[in-house]
Structure formats: C-alpha cells, structure tokens
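Here you go, one structure.
The values are calculated or read from the model by the stated rules, or taken from the named source; none is laboratory data. All of these numbers come straight from a predicted model, not from anything done at the bench. Backbone-built Cβ (ideal geometry, glycine too); neighbour counts: all protein chains shown.
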Amino acid sequence: MLSVDNLSSRYGRIEVLHGVSIDVRCGEIVTLVGANGAGKTTLLRAISGVQPIMAGTICLDGKPIERTPSDLRVTLGLVQVPEGRQLFGPLSVEDNLRLGAWTRAAVDTPAELARVYELFPMLAEMRRAPAAALSGGQQQMLAIGRALMARPRLLLLDEPSMGLAPILVDGIFAIIRRLKRDGVTILLVEQNARAALAIADRAYVLETGAITLSGAAADIRTDQRVREAYLGM
C-alpha cells in the first residue's frame, strides 16, 4: 500500500532523515521504533505531506504522491493522528469530529459519526462538551475518532499513548487492534516500544534519521540491541 524509498528531509540546514526506505502492506500494523529525536515524527509528517522532502519517493498503491498536497492525500485515504492530538479546544467534541470529515460528502457524515460513537461511546456521551474539557485519554480517543471520520485506508498514528495512564494505554491499543480487524492499515510511531511491538506485524528501527534494523515485529522484539536500548532488558 505504501512505499517510501530513499527519503531525505531537513529542518533548515539540519538533515533529519537520511535516505529512509520503508513499506507498509495492506492490512498490516507496522511500527517505527526509535529514541526521541530519531526522526520518527518527521517521517510521518513527510508521508502525510506537511513536511517538505529533499529527495526520495513516496508511493501509495504504486502511484507517486510526494508532490501531492497534504489535503489531497487525505482524499486518497492517507490520514494522520498527530502527536499531541492538536484538537480544537473551544469547539465541541462533535464539531471536532465533523471537521475530520471535511473532505467527504456531507451526506456521509451521520453514518461516520455513528461509527465513531459506536467505537468510542464516551464521545457520544460528551458530544456537546468542549474538547478542552476532556481528559488526556478522552482527547486521544477524539483525535483518533476525528481521523476516522475521513475514512482512512492508511492511518498514521503518532505517539497515541503519550502521557496516558497504563490502563488508558491498554484501551488505546485495544482500539488499534480493532481498527486492524476492521480493515484499516496502520503505521504506528509509539514511545512504548514493548506495547507497539506486541501488536505490530513488522517493525523498523530508526536511529538518528536512518533505518538500522527491520523485520517481523516478533524478531525485532527479541533482538538483543533492541531489548537493551528500547525495552529496558
């Protein structure tokens, strides 16, 4: 579904990604493992079109999209849940969700809302509350729900468990597993490497802007370097 080849990107004079190549197959959960500052978020931003690239190609379903504007990538089914949620705090839960569907026909919105409310019943209960009034876990559910309103085929998740209590983290990962069962392909960046590797099909290790290891998530999880660097073992 997604193929990234020899991708490079920079902030000002500082090159952050150095010839990164990854692929994501239809129906998979693929996770990116790496330390803070390794370039994981930059890679997701480049794929979604909000971070300029210097070189390389990004293909969705075999077609190059690196020159496609970010809003049009959403219409192709490529949707990102950004790090830090980036909700519209003063707006209601439902208005935040409706903004996620802005690329779709208005007639689709009620059905999409019903789908999100079925997945996250708490959002239905608080649909009229301002997004800023929600807890951290609730805001993360809202951010995921907003992305789902666009009917993504490939969902980019950037640190979905950041700042959440362990019991809420379990809930978020349960949702990610369900999304996969529902046919959503997922590229996951997650600080909780242990949890991410437990649910992923394949994984890439990104260190200082370059891929240093890739393979089946089960194999990456047992690699001694990964165990020492990211799993505390």
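Quick one: which of Gly49, Gly56, Gly39, Gly27 is within 20 Å of Ala200 (Cβ to Cβ) and surrounded by 15 or more Cβ atoms within 10 Å (Cβ to Cβ)?
From the options Gly49, Gly56, Gly39, Gly27, the qualifying one is Gly39.
Can we say Gly12 is in the same structural domain as Thr212 (by TED's automatic domain parsing), out of contact with any Gly (no Cβ under 9 Å at 6 or more places or on another chain), at pLDDT below 95 and loosely packed, with under 15 Cβ neighbours inside 10 Å?
yes
OK, next. For the range 84-126, how many residues are of a type in the set (S, T, N, Q) and part of a helix (DSSP H, G or I)?
2
A further question on this structure: If I filter the range 102-112 for residues that are of a type outside the set (Val, Ile, Thr), touching a helix residue (DSSP H, G or I) at 6+ places or on another chain (Cβ under 6 Å) and farther than 20 Å from Arg153 by Cβ, do I get at least one hit?
No, every residue in the range 102-112 fails to be of a type outside the set (Val, Ile, Thr), touching a helix residue (DSSP H, G or I) at 6+ places or on another chain (Cβ under 6 Å) and farther than 20 Å from Arg153 by Cβ.
Right, another one. For Leu213, which of the numbered conditions (1) in contact (Cβ under 8 Å) with a residue 24 or more places away in the chain; (2) surrounded by 15 or more Cβ atoms within 10 Å (Cβ to Cβ) fails to hold?
Leu213 satisfies every listed condition except (1).
From the list Leu72, Leu44, Leu17, Leu32, which one is closer than 24 Å to Gly215 by Cα and either assigned to a helix (DSSP H, G or I) or without any contact (Cβ under 8 Å) to a residue 12 or more places away in the chain (or both)?
The conditions single out Leu44.
Is it the case that some residue within the range 70-81 is touching a strand residue (DSSP E or B) at 6+ places or on another chain (Cβ under 8 Å), among the polar types (S, T, N, Q), within 15 Å of Leu148 (Cα to Cα) and surrounded by 14 or more Cβ atoms within 10 Å (Cβ to Cβ)?
yes
In the range 127-148, which residues are touching a strand residue (DSSP E or B) at 6+ places or on another chain (Cβ under 9 Å) and in a loop (DSSP other than H, G, I, E, B)?
Arg127, Arg128, Ala129
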